[in-house]
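Each remark here refers to the structure printed beneath this line.
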Amino acid sequence: MNLKMNRNSSSVNKIITQQMLVNQRIKLMYQHFGTSFPANLICATLLLAGLYKTINIQFLLAWYLAIIIISLMRIGLLIGYRHNPQHDNLHLRLFIIGTWLSAAMWGIAGSMLMPQHDILGQLLIIVIIAGVTTGALQTLRESFAASFGYIIFSIVPLIIWLSLQPNSVYLLITLSVLTYFLFLTAVAWQGYQIVLEMLSLRFKNIELVDDLSKGNDYLKNTNQSLIESQRLFQSAFDFAAIGMGLASIQGRWIKVNQSLCKLVGYTENELLDTDFRSIIYPDDLNNDLHYMQQILTGNIPAYKIEKRYIHKNGSLIWVLLNVSLVRDLKNEPLYFIAQIQNINAQKNAEKELEQMAYHDPLTTLDNRAQLKKHVNEAIINSKESDKKFAFIMLDLDHFKHINDLLGHDAGDKLLQEFSKKLKSSVRYTDKVTRLGGDEFVIIILDILDENMVINIAQKILDVTSRPMTIKGHTIYTTTSMGISIYPNDGRDMTTLMNNADLCLYRAKKIGRNNYQFCTTEIQSTVQEKILREQSIREALLNNEFRIYYQPIMNMVDSNINGFEALLRWKSKKYGDVRPEEIIPLAEQTNLIDALSILIFKTVSKQIKAWNTNEHNVITISINLSFREFSQINFVERVAEFLKINEIPKNRLEFEINENILMQDPATHIPIIHALKNLGVQISVDDFGTSYSSLDYLQKFSVDRIKIDRSFIKEITYNDKSRSIVKAIIAMSFELGIKTVATGVETIEQYDFLSQHGCNEIQGYYLSEPLSPELASKFLQEKLYF
Ligand code: C2E
Ligand code: CA
């Protein structure tokens with residue numbers, strides 16, 4: 001389209017230039033006529049004066065008159081042209097005709113007016129014609145038709161007249177005039193060409209000047225628009241409603257606008273002093289850097305992402321970021337341009353929408369739609385990690401009664417409180433959802449074993465059975481649960497839910513306030529545990545628990561320094577039950593307190609029985625489980641116990657597993673110090689199993705470490721165990737901590753430990769754990785060695 005226009009305009013330009021050339025030529029010819037016309041008249045008058053005696057005067061005057069008329073006509077033409085110069089071609093044609101007529105008059109003079117016998121008169125005419133024609137050539141250069149015609153009409157009659165004369169001199173004159181004629185014709189042609197060239201050059205110059213001035217105007221305009229667009233960019237940048245910033249390829253801010261400063265809470269100078277990375281929320285940084293790399297390598301021209309910035313006050317702001325790259329003429333990257341839009345409000349609205357779509361408005365728990373998502377995620381997670389998950393369906397027992405009795409408001413409040421309790425019973429990563437009414441589902445992820453689910457279910461029962469105060473009423477609630485396990489009881493949500501629902505129904509049927517597993521084996525384990533729990537209760541009531549004592553001997557003097565108290569349960573139903581089974585079960589069922597008190601009381605009696613005088617110093621050590629040791633006010637309770645039972649100092653010792661101590665040293669160190677201040681000795685049990693450093697243990701100021709029996713077992717045949725035991729003994733000696741080797745069964749083990757300076761030993765080599773009676777006998781009769 002543009003090309004076409006340019007072509008059109010260039011042809012129009014050509015026409016204009018041609019026409020202007022013609023116009024210019026006409027103009028010049030009319031101008032010259034102004035000077036040639038008086039010269040013409042003077043020559044004609046001279047000729048009249050020179051020939052009036054030799055030529056018929058009438059004829060001469062007629063000729064002179066004709067010249068004057070022609071001249072007047074031509075003057076009329078000149079006036080007409082000046083008055084109305086538009087009709088160029090007509091003016092040109094008329095001008096040429098006038099010229100020819102004028103030349104023809106000189107042709108008449110050179111032929112018909114020639115005085116036959118007046119040689120001087122002839123000469124005069126020839127000279128005047130030559131002069132007039134030469135002059136005409138000069139003035140008619142602009143039109144070859146005019147100048148050539150002029151020569152033809154003025155000279156050819158003369159040549160003809162001369163050639164007709166009989167004298168040979170005339171022949172010579174004829175030839176020279178002919179030569180002159182040819183010369184004049186050539187000159188006329190050349191003159192015409194020169195004029196044409198001059199004029200076209202002139203027009204080209206005019207065009208050039210015109211183009212130049214146009215170019216100048218264009219440059220001026222371009223410059224002006226550049227300045228204008230720069231100014232527009234500057235003000236768009238400075239006053240843009242959204243944040244804008246230029247950042248170098250290395251990541252430093254080069255330029256930031258006020259909106260950006262406002263968005264992130266920093267001043268312009270503070271931002272310019274930093275790297276753009278410093279305000280990006282760390283989790284979003286990698287994504288950003290990835291896209292920037294893509295831009296730099298030219299894979300993408302720009303990118304647009306949603307991400308978070310950190311405001312100066314520490315809060316997070318959601319922004320929509322638009323980044324593009326500016327390159328130089330060689331395509332080298334110069335800087336990034338970032339447009340940053342605050343989309344916090346939009347994000348909040350999205351969140352609200354999501355909250356509405358996936359959450360229960362009453363309890364703010366996830367709803368059924370979200371449960372589907374959770375189950376699908378849990379299935380994927382389980383497949384990847386090869387772990388199971390539990391689907392617990394539960395409802396509040398007799399919720400309908402509470403609702404009917406206290407009203408819906410109270411019912412709603414109860415559901416809210418109940419939801420909070422459910423959430424507090426499980427880990428943060430587990431999912432609690434409300435299906436509707438008083439129906440809930442809990443998903444327990446990453447199940448290690450069935451005990452874990454049993455414990456959680458038990459915890460839910462415990463927590464939800466605590467009374468709640470709703471609108472001034474104390475309400476006691478209980479919960480029933482049906483539990484299905486993925487993948488055993490279903491591989492999709494519908495099957496898991498149906499099975500859990502069936503089990504829930506069973507739980508309700510057998511009296512509520514309990515949980516039922518769909519997997520029969522788990523359910524029988526649960527049943528078994530429940531039975532054992534009841535048995536522990538009964539055993540406590542029936543006084544079935546006993547404490548056995550295993551002696552600990554000093555290696556230097558072979559004296560018995562003390563005994564370790566070990567729990568024994570001879571159940572009528574289950575036979576001998578190992579303490580490792582009793583303690584965790586007692587912990588889960590809150591029976592540990594009662595059991596602890598029993599052990600403490602029994603041991604304190606035994607301490608008193610064995611420490612009858614100052615010389616008999618027998619220490620009894622009690623094993624502490626994690627729950628016992630981490631009881632609130634444990635130190636105070638021990639202090640009270642020591643006081644009430646009047647236990648002398650250094651007669652009681654606590655054995656605490658190395659694992660337990662190292663779990664939270666900052667909390668445990670002051671507890672140990674406080675116990676030691678009460679005169680209780682502390683030993684670290686099962687030492688060597690937890691990779692804790694002896695050096696660190698010194699901070700606890702423990703009295704003994706009990707080397708785990710797994711090392712002692714191997715000292716006679718395993719070099720590594722031997723080296724470990726030797727090192728423990730040597731280092732403990734350096735640190736002033738006594739060492740007790742446990743599980744010593746053979747004389748070889750005894751000899752080795754004796755050689756390497758172990759302080760005390762305990763094990764079947766010396767004695768098995770003994771009943772109190774046998775232990776007393778052992779002590780009195782020195783039944784060892
Ligand atoms: P532990 O603290 O390592 O107790 C030593 C265990 O090693 C005892 O097992 C004891 O019978 C056994 N033993 C002693 N000498 C030898 C030996 O030469 N060879 C072998 N193979 N074993 C030996 P027991 O009585 O079955 O106790 C097991 C664990 O139960 C104890 O390990 C202790 O952690 C815990 N426990 C026992 N009684 C109590 C208690 O009253 N309270 C608490 N919290 N835990 C207790
Ligand atoms: Ca022990």
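The values are calculated or read from the model by the stated rules, or taken from the named source; none is laboratory data. Just so you know, these numbers come straight off a predicted model, no measurement behind them. FYI the Cβ positions are ideal-geometry reconstructions off the backbone, even for glycines, and counts take in every protein chain you see. Keep in mind that these areas ignore ligands, DNA and RNA; they rest on the heavy atoms of the full protein, side chains included. Shrake-Rupley method; radii C 1.70, N 1.55, O 1.52, S 1.80 Å.
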Tally, over segment 221-266, of residues that are outside any helix (DSSP H, G or I) and open to solvent by 80 Å² or more (accessible area, probe 1.4 Å): 4
Selection count where residues are modelled with pLDDT of 85 or more, more than 21 Å from ASN455 (Cβ to Cβ) and open to solvent by 60 Å² or more (accessible area, probe 1.4 Å), scope segment 573-601: 3
Extreme residue, farthest from LEU697 (Cα to Cα), among residues of segment 748-774 that are of a type in the set (A, V, I, L, M, F, W, C) and away from ligand 1 (no atom under 13 Å from the Cβ): LEU774
Scope segment 298-325; condition surrounded by fewer than 11 Cβ atoms within 10 Å (Cβ to Cβ) and in contact (Cβ under 8 Å) with a residue 12 or more places away in the chain; matching residues: PRO301, ASN313
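Can we say ILE682 is under 23 Å from ILE592 (Cβ atoms), among the aliphatic types (A, V, I, L, M) and within 16 Å of ligand 2 (Cβ to nearest atom)?
yes
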Matching residues, segment 719-729, being more than 55 Å from the chain's Cα centre (by Cα) and open to solvent by less than 50 Å² (accessible area, probe 1.4 Å): VAL725, ILE729
Members of segment 602-624 that are within 12 Å of ligand 1 (Cβ to nearest atom) and either open to solvent by less than 20 Å² (accessible area, probe 1.4 Å) or part of a helix (DSSP H, G or I) (or both): THR602, VAL603, ILE620, SER621, ILE622, LEU624
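Rundown of residues vs (1) within 15 Å of ligand 2 (Cβ to nearest atom); (2) of a type in the set (S, T, N, Q), yes/no style:
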position	(1), (2)
SER693	no, yes
GLN698	no, yes
ASP703	yes, no
ILE707	yes, no
THR716	no, yes
LYS726	no, no
ALA730	no, no
Check on GLU734, within 14 Å of ligand 1 (Cβ to nearest atom), charged (D, E, K, R) and either farther than 24 Å from ILE669 by Cα or at pLDDT below 95 (or both): no
Any strands (runs of 3 or more DSSP E) falling wholly within segment 485-579 and containing at least 2 residues that are within 14 Å of ligand 1 (Cβ to nearest atom) and free of Cβ contacts under 8 Å to residues at least 60 places away in the same chain: 560-571, 575-577
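Before we move on, is SER693 within 20 Å of ILE729 (Cα to Cα) and at pLDDT below 95? Don't jump to the end; show me each part of the working.
On the way: within 20 Å of ILE729 (Cα to Cα): yes; at pLDDT below 95: yes.
Taking the combined requirement at face value, the residue satisfies it.
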Of all residues in segment 132-181 being outside any helix (DSSP H, G or I) and open to solvent by 70 Å² or more (accessible area, probe 1.4 Å), the one that is modelled with the highest pLDDT: LEU164
Members of segment 730-754 that are among the hydrophobic types (A, V, I, L, M, F, W, C), part of a helix (DSSP H, G or I) and open to solvent by less than 10 Å² (accessible area, probe 1.4 Å): LEU753
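Could you please let me know if ILE552 is crowded, with 19+ Cβ neighbours inside 10 Å and modelled with pLDDT under 90?
no
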Selected residue (only one of SER710, SER692, SER683 is within 16 Å of ligand 1 (Cβ to nearest atom) and either over 26 Å from PHE641 (Cβ atoms) or assigned to a helix (DSSP H, G or I) (or both)): SER710
